[in-house]
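The structure appears right after this line, and notes come after that.
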Amino acid sequence: MVIIVKNIKWIMLLAGLVTCTTVAAVFAPEATLLSMFGANLTEPLADLVVRSWGFLVSMMGALLIYGAFDEHSRMLCVITAGLSKISFLVLILMFATDYIATLWVSVVFDSIVVLILALYVVSAKSTARIH
């Protein structure tokens, strides 16, 4: 776990950059839905919801990037982005199991990021108590 604490800046930067790619949904909601879920929504409101979702998820990526460079905000950024990713994973497992075949890359990536961020939180708290 020491390796995670020592490299959290680069881990957060990489995870943040990848997460920021959902900004594509702001500009191309139909293409993003098709590539991620293998389906499209047909209601006019879907464009707004998908664009908003893409923007909000990309903001979590930006938060990870910010936290990578600002140690004072790092823990808040890790916890906030981690909770966002956990909620996405839980929602997929509860309501979108039909789409797991096309979402598997996102599910695996977010699961790995959540695990690493959780290990960082535990390790950083343990390290802080020792010092």
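The values are calculated or read from the model by the stated rules, or taken from the named source; none is laboratory data. Since we're looking at a predicted model, the values are computed, not measured. Surface accessibility is based on the protein's heavy atoms, side chains included, excluding ligands, DNA and RNA. Shrake-Rupley method; radii C 1.70, N 1.55, O 1.52, S 1.80 Å.
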| message | Please compute the contact order of the chain in relative form: average sequence separation of alpha-carbon pairs under 8 Å and at least six residues apart, divided by the residue count, as a percent. | response | 30 percent
| request: With N denoting the number of residues in segment 71-130, provide Rg(C-alpha) divided by 2.2 N^0.38 Å, to two decimal places. | output: 1.33
| Computed [θ] at 222 nm, helices only, for the chain once each DSSP H run of length n ≥ 4 contributes -39500 (n - 2.57) | -28500 deg cm²/dmol
| message | Quick one: 3J(HN,Hα) in Hz for segment 7-21, Karplus 6.51/-1.76/1.60 with θ = phi - 60°, rounded, Gly and Pro as x. | response | 10, 4, 4, 6, 5, 5, 4, 5, 4, x, 4, 5, 5, 5, 5
| field | With every protein chain in place, segment 45-131: carbon and sulfur % of accessible area (1.4 Å) | value | 73 percent
| said: Could you put Thr22, Thr80 in order of accessible surface area, largest first, with the 1.4 Å probe and the full protein assembly present? | reply: Thr80, Thr22
| field | Unit Cα scatterers, Debye sum, the chain: log10 I(q)/I(0) for q = 0.17, 0.22 Å⁻¹ | value | -0.88, -1.29
| request: Arrange the residues Trp104, Trp53 by how much accessible surface each exposes, largest first, with a 1.4 angstrom probe. | output: Trp104, Trp53
| message | Going by Cα centres, segment 62-102 and segment 1-53 are how many Å apart? | response | 10 Å
| message | If DNA, RNA and ligands are ignored and the probe is 1.4 Å, what is the ranking of Val90, Val113 by accessible area, most exposed first? | response | Val90, Val113
| query | Asn40's amide H: which non-local residues (gap 5+, or another chain) put their own amide H closer than 5 Å, with H modeled 1.01 Å from N in plane and none for Pro or chain starts? | reply | none
